[in-house]
Every structure is written in structure tokens, then in C-alpha cells.
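The values are calculated or read from the model by the stated rules, or taken from the named source; none is laboratory data. The model shown is predicted, which means the values in this text are computed figures rather than measured ones. Virtual Cβ from ideal backbone geometry, glycine too; neighbours counted across all protein chains shown.
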Amino acid sequence: MDYKDLANLIFPNTKEIKYYEEKYPKRDLKEGAIVTRFAPSPTGFVHIGGIYQTLIAQKLTKQTEGVFFLRIEDTDQKREIEKAVDGIIDSLNDFDLTPDEGMISGEEQKGNYGPYKQSLRKEIYQAYAKYLIEQGKAYPCFCTQEELDEMRRKQENAKIRPGYYGVWAKCRHLTVEEMIEKIKAGENYIIRFKSPGREDKKIKHKDVIKGNVEFPEHDQDIVIIKADGLPTYHFAHVVDDHLMRTTHVIRGDEWLSSVPLHLQLFYELGFKAPKYAHIAPIMKNDNGNKRKLSKRKDKEAAVSYYSEIGIPEKAVKEYLLNIANSNFENWRRANPDKDMNEFELQLNKMSVSGALFDIVKLLDVGKIVISKMTAEEVYKKALDWANEYDKELVNILSDKEYSLKVLGIERGNKKPRKDIAKWSDVKESIEYMYDDIFYNKNQNYEYQVINDKEDIKKILNLYIEKYYNENDDKQTWFDKIKELAGEMGYAKEVKEFKANPDKYKAHVGDVSTVLRVALTARTNTPDMYEIMQILGKEKIEKRFKKSIERM
Ligand code: GLU
């Protein structure tokens with residue numbers, strides 16, 4: 001009896017690997033094209049790090065006319081959550097990171113290199129496990145959990161490196177006959193890889209991001225097929241990325257230390273290994289300590305957080321590019337109006353330790369991204385967000401025509417307004433333009449420098465009676481405020497005031513502030529000329545009256 005008999009006994013019905021090698025031929029792509037993937041486990045939680053990885057992966061494939069695919073790694077069926085795959089796909093679609101190939105919904109997939117869900121690939125893994133068994137490179141292991149625990153205890157007591165290797169790998173030393181006998185007797189088993197490595201030897205490897213790394217050779221006889229017939233991550237990774245013709249494995253750097261094992265598996269299976277690029281995680285500053293963004297501790301680790309607060313996906317992506325390549329910031333400065341897709345991402349410029357996540361910076365990017373949108377776009381996106389998260393805002397936006405005017409204030413010009421970082425800012429930034437909200441709020445009028453009540457009254461009355469005209473252009477409108485200031489004994493120019501501070505009580509800017517506060521109950525608003533144009537004389541007058549009443 002030999003290994004072939006053993007292999008046939010364990011996997012009597014699998015196809016020969018030749019079948020799969022032919023079914024999934026080398027991809028016909030141009031030289032240098034990158035084929036890579038996002039390979040999440042469907043745990044129900046989409047981590048922002050996953051979007052980060054996907055963004056990088058997808059960008060590289062686009063830059064090289066390669067292929068980006070989505071593979072679902074669901075071999076740990078205990079952890080599987082219903083609808084989790086849909087959740088992942090929805091997130092990728094939201095971020096405009098739809099894969100070229102792979103799963104496109106919980107059940108459907110597209111592409112010629114599938115199935116793209118590992119639980120559907122059982123017989124493929126088994127065919128390759130059989131192939132290893134036939135060559136004596138893998139074997140059934142009959143050790144029970146109790147035996148393994150006992151072994152570990154002995155190793156700990158003797159202060160020996162733990163694991164299933166060398167002399168400790170009990171079942172590796174069984175003869176083929178003994179193995180066959182145990183299987184025939186109905187003993188339970190799993191399949192282990194027979195590692196040819198030696199711990200006292202070193203392996204050198206060049207990671208695309210981390211550079212040269214050196215590890216001891218791998219020598220553990222790891223499990224490749226579990227009791228449920230499904231593979232472990234390591235085995236599935238090697239078989240899948242070989243058959244899916246992945247050129248670059250771009251993944252979290254928690255896997256860097258598994259490279260010796262993975263290279264060994266590729267080698268023993270007779271496959272060419274892909275390039276590895278291990279991405280440092282996004283970090284967070286936690287009271288001076290730099291640590292990984294944590295799913296449990298940090299709300300910003302969840303992709304859902306960004307949709308809840310309403311940061312445009314585009315801003316999140318742009319910010320992630322900032323984190324990925326530090327030269328992005330300079331590129332953006334030099335090319336403020338270019339689409340971010342034109343930026344050339346380089347793996348070898350990725351940070352080796354993790355970059356810090358900075359919410360303030362992200363919000364700044366949000367402000368810039370939103371400032372470039374048209375009023376129509378802002379309206380649509382804010383309304384979409386509001387429909388999900390803020391019914392009051394839906395109400396406010398119900399008069400579309402009026403809202404477009406409001407959202408259009410200081411937009412579409414050279415220096416657009418930058419006060420909205422996220423959709424949850426919209427209500428606060430526009431609500432004073434809506435009478436029913438404005439009058440229902442207990443407004444606090446703080447007139448700042450000019451605080452003489454009689455003066456304020458006079459400014460407001462004079463302005464509306466004598467100076468305001470809806471048909472004035474902006475220059476005339478402002479000249480009139482100057483005239484009003486002059487008539488009231490205030491400096492018509494700020495310069496003038498600064499030169500002779502004793503001569504005047506205040507200046508034209510302070511007069512403007514009085515108008516602004518009476519109009520909006522705020523000291524800070526976008527362009528007042530545009531605000532007045534939208535409100536119109538009648539509303540302006542009513543607001544002035546109200547503010548006088550409230551004095
Ligand atoms: N399923 C693995 C994970 O979520 C994938 C790692 C890889 O990209 O190979 O960490």
C-alpha cells in the first residue's frame with residue numbers, strides 16, 4: 001500500500017488537479033497587469049481598513065489594466081452571519097469600488113475563475129489536498145483534542161516551542177498501513193501538511209511594502225483540511241490565489257509572519273508564488289499611544305459610521321489615498337481640480353508602520369469635496385442622507401426650488417463656501433433661511449461691537465426704508481451699506497477707522513454685522529448679499545422687526 005491508496009481512500013471522488021489547472025488558465029492580460037483581490041470573511045462588520053485595502057487594490061488594477069476581484073472567505077462557518085456578503089458588496093458599491101469579478105451579491109457571481117465563495121470550492125481544495133497526500137506531502141492526523149492539549153502541556157512544562165512539528169507531530173510518523181487501518185476503523189481525522197522546513201534555517205523574502213524580511217523557516221505541520229472537510233485559511237489562500245491567477249496578494253500585515261508557511265505551500269504544490277504586499281493598518285492616537293483602529297473600541301472603524309454622519313464616500317476615499325501615499329497631498333495641491341483617479345498610487349510608497357487616522361483632516365477633505373459640488377448635487381445627496389437619518393432635514397428640503405437657491409449661496413464660483421464637511425452639517429448650515437424654523441427658535445441676537453439699542457434700531461430702519469433695493473448689484477448694495485454707515489457716524493472704510501480710532505464709534509463692518517445678526521441671528525454666515533437676494537425685501541423687513549421686538 002502506498003500514498004496513492006491512502007489518497008484514494010480519503011478522497012475517492014475528487015477530480016485530478018489537471019482539470020482545474022486547465023479550467024483556470026493563465027489570464028490573458030498585458031505585461032505588468034496586476035490581478036488582485038479583496039478577500040474578507042463575512043463577519044457582518046465592514047471595517048474601514050477593508051475599504052482602504054480595496055481602494056489600493058482596485059486602483060493598482062486600474063492603473064495596470066488588471067483585474068480586481070472579490071472572494072468571500074467563509075470557511076469558518078461558525079462565524080458566518082446572514083446577509084454579511086450583501087453588506088460587504090453594498091459597501092464596495094457605495095464607495096464606487098465595485099469589483100470586476102467575483103461575488104456580486106450574496107448568491108450571484110461573475111467571472112471565469114469562480115466559484116468566488118470558498119464554501120463552494122470544497123472539492124477543489126480536496127483535489128489539491130489529495131495531490132499532496134499522493135506525494136507524501138500531507139497526511140491524515142488522528143490526534144484528539146485531549147491528546148493535543150496534553151502535548152501542549154508537556155511542551156509548556158519543558159519550555160519547548162509549542163506546536164505540531166518534528167517529533168511532536170505524532171501522526172506524521174505513522175506508516176501508510178497504520179493510517180489506512182485507522183481510517184477503515186472509522187477514526188476521525190483531519191489533514192495536515194507535512195512541512196519540510198527547519199526552524200534553525202532562515203528564509204529571506206522581499207515584501208513589496210515592507211521590503212526585505214527574514215524569518216525562521218516554517219516547520220509546523222499545520223491543518224489544511226478541517227474535520228468539516230473545509231480548508232483552513234492558509235491552504236485556501238494558496239489554492240485560490242494560484243487558481244484565480246492572482247499576481248499580488250495585498251492584505252493586512254497581520255499575515256506577514258505567515259509568509260514562510262505560504263511560500264512553502266506554494267512551493268510544495270508546484271505553484272509560482274504571487275508577490276506579497278502587506279499593508280500596515282490604519283492607526284489611532286489613543287492618549288499618546290499609537291494603536292490599531294479597533295472594531296470594538298472605535299466607532300470610526302466601522303464603515304457604517306461614515307454613512308451615519310454623512311461624509312461623502314469620495315471624501316473618505318480621498319482621505320484614504322492621503323494615508324496610503326504621503327505624496328498624494330502634494331499632488332492634490334498641485335492639481336486641485338483633477339479627479340483623484342488620476343493620481344498614480346505606488347505600493348512602494350506605502351507607509352511601513354501604520355499611518356494615523358485623523359478625523360479633523362478627513363472633515364477638511366469633506367469640506368473641499370462638498371465645496372466642489374453643484375447645489376443640485378448637494379441637494380440630492382443631503383436629501384438621500386436625510387431620508388435615512390434626519391426626518392427634520394427632509395422637511396426642510398421639501399421646497400426644492402427654494403432649497404437649491406439656499407444651497408447655491410457661494411457655490412460654483414472661484415472660492416466656494418467650505419462650511420459643510422458632512423451631510424449632518426447641512427441642517428445647521430441652512431436652517432436660518434427657512435422662516436418656519438427661524439421663527440420657532442428662540443433666537444439669541446448678539447450684535448457684537450455696536451450694542452446701543454437705539455443705534456441698532458436706527459440702522460435697521462434706515463437700511464430697509466432708505467437703502468435696500470432688491471435690484472441692486474452687489475457693488476451698489478455694498479456701497480449703500482457704506483453710505484448708511486457714514487450717515488450714522490461710523491467709518492465708511494475699515495482703513496479709515498484704523499487710522500482714526502478715536503474719531504468713530506465703529507466702522508462699516510460692524511454695521512454689516514448688525515444687519516447680519518438681525519437677519520439671521522448669527523454672526524457668521526455665507527455671503528449676506530446672496531442671503532438678502534433669496535429672502536427678498538418683505539422677509540428681510542419682517543426679520544428686522546422681529547429682532548427689534550426682541551431687544
Ligand atoms: N480572510 C482574510 C482576512 O480577512 C484574508 C486575508 C487575505 O487577504 O489573504 O484577513
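Any idea which of (1) in contact with a Lys or Arg (Cβ under 9 Å, 6 or more places away or on another chain); (2) within 16 Å of the ligand (Cβ to nearest atom); (3) farther than 29 Å from MET340 by Cβ; (4) not β-branched (Val, Ile, Thr) is the one ASN112 doesn't satisfy?
Here ASN112 meets the rest and fails (2).
Go through (1) in contact with an Asp or Glu (Cβ under 7 Å, 6 or more places away or on another chain); (2) touching a residue at least 24 places away in the same chain (Cβ under 8 Å); (3) farther than 30 Å from THR36 by Cβ and name the single condition GLY163 misses.
Tallying (1) in contact with an Asp or Glu (Cβ under 7 Å, 6 or more places away or on another chain); (2) touching a residue at least 24 places away in the same chain (Cβ under 8 Å); (3) farther than 30 Å from THR36 by Cβ, GLY163 fails exactly one: (1).
Consider GLY211 carefully, then state whether it is of a type outside the set (Asp, Glu), more than 16 Å from the ligand (Cβ to nearest atom), over 27 Å from the mean Cα position of the chain (by Cα) and on the phi > 0 side of the Ramachandran plot.
On the way: of a type outside the set (Asp, Glu): yes; more than 16 Å from the ligand (Cβ to nearest atom): yes; over 27 Å from the mean Cα position of the chain (by Cα): no; on the phi > 0 side of the Ramachandran plot: yes.
Spelling it out, it is not the case that GLY211 is of a type outside the set (Asp, Glu), more than 16 Å from the ligand (Cβ to nearest atom), over 27 Å from the mean Cα position of the chain (by Cα) and on the phi > 0 side of the Ramachandran plot.
Only residues that are within 13 Å of the ligand (Cβ to nearest atom) and surrounded by 20 or more Cβ atoms within 10 Å (Cβ to Cβ): list them for the range 28-48, please.
Listed by number, the residues that qualify are THR36, ARG37, PHE38, ALA39, PRO40, PRO42, VAL46, HIS47.
Which residue pairs have Cβ atoms under 7 Å apart, sit 6 or more places apart or on different chains, and have a first residue in the range 168-189 that is touching a residue at least 60 places away in the same chain (Cβ under 8 Å) and a second that is aromatic (Phe, Trp, Tyr) and not in a loop (DSSP other than H, G, I, E, B)?
Hits for this filter: VAL176/TYR3; MET179/TYR139.
Given VAL511, VAL449, VAL494, VAL517, which one is more than 30 Å from ASP399 (Cα to Cα) and touching an Asp or Glu at 6+ places or on another chain (Cβ under 7 Å)?
On the way: VAL511 fails: touching an Asp or Glu at 6+ places or on another chain (Cβ under 7 Å); VAL494 fails: touching an Asp or Glu at 6+ places or on another chain (Cβ under 7 Å); VAL517 fails: more than 30 Å from ASP399 (Cα to Cα).
On inspection, the qualifying residue turns out to be VAL449.
Does ILE224 fit the bill of being within 23 Å of the chain's Cα centre (by Cα) and more than 13 Å from the ligand (Cβ to nearest atom)? Break it down into steps so the answer makes sense when it comes.
Numbers: within 23 Å of the chain's Cα centre (by Cα): no; more than 13 Å from the ligand (Cβ to nearest atom): yes.
So ILE224 fails the test.
Looking only at the range 473-489, which residues are outside any helix (DSSP H, G or I) and either at pLDDT 95 or above or surrounded by fewer than 15 Cβ atoms within 10 Å (Cβ to Cβ) (or both)?
Pass one, the range 473-489, residues outside any helix (DSSP H, G or I): 473, 488-489.
ASP473, GLY489 - these are the residues of the range 473-489 that are outside any helix (DSSP H, G or I) and either at pLDDT 95 or above or surrounded by fewer than 15 Cβ atoms within 10 Å (Cβ to Cβ) (or both).
Any residue at all in the range 67-79 that's away from the ligand (no atom under 15 Å from the Cβ) and surrounded by 22 or more Cβ atoms within 10 Å (Cβ to Cβ)? Show your work before the answer.
First, pick out the residues of the range 67-79 that are away from the ligand (no atom under 15 Å from the Cβ): 67.
Of the ones still in play, those that are also surrounded by 22 or more Cβ atoms within 10 Å (Cβ to Cβ) are 67.
Yes, there is a match, as at least one residue in the range 67-79 is away from the ligand (no atom under 15 Å from the Cβ) and surrounded by 22 or more Cβ atoms within 10 Å (Cβ to Cβ).
Can you work out which of the residues in the range 148-182 that are loosely packed, with under 14 Cβ neighbours inside 10 Å and basic (Lys, Arg) is nearest to the chain's Cα centre (by Cα)?
This residue is ARG161.
For the range 243-324, which strands (runs of 3 or more DSSP E) that fit wholly inside it have 2 or more residues that are more than 13 Å from the ligand (Cβ to nearest atom) and basic (Lys, Arg)?
Values: elements: 248-252, 275-279, 283-286, 289-292.
Where strands (runs of 3 or more DSSP E) fall fully within the range 243-324 and carry at least 2 residues being more than 13 Å from the ligand (Cβ to nearest atom) and basic (Lys, Arg), they are 289-292.
Just for the range 422-461: of the residues that are closer than 30 Å to LYS505 by Cβ and basic (Lys, Arg), which one is surrounded by the fewest Cβ atoms within 10 Å (Cβ to Cβ)?
Of the range 422-461, the ones closer than 30 Å to LYS505 by Cβ are 432, 438, 442-461.
Checking the rest, the ones that are also basic (Lys, Arg) come to 453, 457-458.
Numbers: LYS453: 11, LYS457: 16, LYS458: 15.
Only one residue fits best here, namely LYS453.
Could you grab me the full set of residues in the range 412-430 that are in contact with a helix residue (DSSP H, G or I) (Cβ under 8 Å, 6 or more places away or on another chain) and either closer than 21 Å to ILE548 by Cα or at pLDDT below 90 (or both)?
Within the range 412-430, the first condition is being in contact with a helix residue (DSSP H, G or I) (Cβ under 8 Å, 6 or more places away or on another chain), and the residues that meet it are 412, 416-424, 426-427, 430.
Listed by number, the list holds a single entry, GLY412.
Looking only at the range 497-518, how many residues end up being buried (at least 16 other Cβ atoms within 10 Å of the Cβ) and assigned to a helix (DSSP H, G or I)?
Of the residues in the range 497-518, 12 are buried (at least 16 other Cβ atoms within 10 Å of the Cβ) and assigned to a helix (DSSP H, G or I).
Taking LYS372 as meeting all but one of (1) within 18 Å of ILE309 (Cβ to Cβ); (2) without any contact (Cβ under 8 Å) to a residue 60 or more places away in the chain; (3) not hydroxyl-bearing (Ser, Thr, Tyr), write down the number of the exception.
Just one mismatch for LYS372, condition (1).
With respect to the numbered conditions (1) under 30 Å from LYS415 (Cα atoms); (2) surrounded by fewer than 17 Cβ atoms within 10 Å (Cβ to Cβ); (3) hydrophobic (A, V, I, L, M, F, W, C), which one is the sole condition not fulfilled by VAL352?
(1)
So which strands (runs of 3 or more DSSP E) stay within the range 23-105 end to end and still have 3 or more residues that are free of Cβ contacts under 8 Å to residues at least 60 places away in the same chain?
Working: elements: 35-38, 67-70, 101-103.
Filter on the range 23-105 gives 67-70.
Give the residues of the range 149-175 that are among the aliphatic types (A, V, I, L, M) and over 21 Å from GLY136 (Cβ atoms), sorted by residue number. Quick ask: steps written out before the conclusion?
Residues of the range 149-175 that are among the aliphatic types (A, V, I, L, M), as a first pass: 151, 158, 160, 167, 169, 174.
If the condition is that a residue be among the aliphatic types (A, V, I, L, M) and over 21 Å from GLY136 (Cβ atoms), then MET151, ALA158, ILE160 are the ones that fit.
Which one of LYS391, LYS338, LYS367, LYS349 is touching a strand residue (DSSP E or B) at 6+ places or on another chain (Cβ under 9 Å), of a type in the set (D, E, K, R) and either over 15 Å from VAL316 (Cα atoms) or modelled with pLDDT of 95 or more (or both)? Working first, answer last.
Working: LYS391 fails: touching a strand residue (DSSP E or B) at 6+ places or on another chain (Cβ under 9 Å); LYS338 fails: touching a strand residue (DSSP E or B) at 6+ places or on another chain (Cβ under 9 Å); LYS367 fails: touching a strand residue (DSSP E or B) at 6+ places or on another chain (Cβ under 9 Å).
The match here is LYS349.
For LYS18, are the conditions met, namely being more than 30 Å from ALA301 (Cβ to Cβ), basic (Lys, Arg), more than 16 Å from the ligand (Cβ to nearest atom) and free of Cβ contacts under 8 Å to residues at least 40 places away in the same chain?
Details: more than 30 Å from ALA301 (Cβ to Cβ): yes; basic (Lys, Arg): yes; more than 16 Å from the ligand (Cβ to nearest atom): yes; free of Cβ contacts under 8 Å to residues at least 40 places away in the same chain: yes.
Considered against the rule, which asks whether it is more than 30 Å from ALA301 (Cβ to Cβ), basic (Lys, Arg), more than 16 Å from the ligand (Cβ to nearest atom) and free of Cβ contacts under 8 Å to residues at least 40 places away in the same chain, LYS18 comes out as yes.
When both residues are 6+ apart or on different chains and their Cβ atoms are under 9 Å apart, which pairs have a first residue that lies in the range 237-252 and is over 23 Å from ILE48 (Cα atoms) and touching a residue at least 60 places away in the same chain (Cβ under 8 Å), and a second that is acidic (Asp, Glu) and within 7 Å of the ligand (Cβ to nearest atom)?
Listed pairs, sorted by first residue: ASP240/GLU73.
A quick yes/no check of all residues on (1) aliphatic (A, V, I, L, M); (2) within 14 Å of the chain's Cα centre (by Cα); (3) more than 24 Å from LEU92 (Cα to Cα):
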position: ASN289; (1), (2), (3): no, no, yes
position: TYR305; (1), (2), (3): no, yes, no
position: GLU313; (1), (2), (3): no, yes, no
position: ILE323; (1), (2), (3): yes, yes, no
position: ASN327; (1), (2), (3): no, no, yes
position: ALA334; (1), (2), (3): yes, no, yes
position: VAL352; (1), (2), (3): yes, no, yes
position: ASP358; (1), (2), (3): no, yes, no
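Give ASN442, ASN461, ASN451 a once-over and let me know the one that is closer than 18 Å to ARG543 by Cβ and free of Cβ contacts under 8 Å to residues at least 12 places away in the same chain.
On the way: ASN461 fails: free of Cβ contacts under 8 Å to residues at least 12 places away in the same chain; ASN451 fails: closer than 18 Å to ARG543 by Cβ.
Of ASN442, ASN461, ASN451, the one residue that is closer than 18 Å to ARG543 by Cβ and free of Cβ contacts under 8 Å to residues at least 12 places away in the same chain is ASN442.
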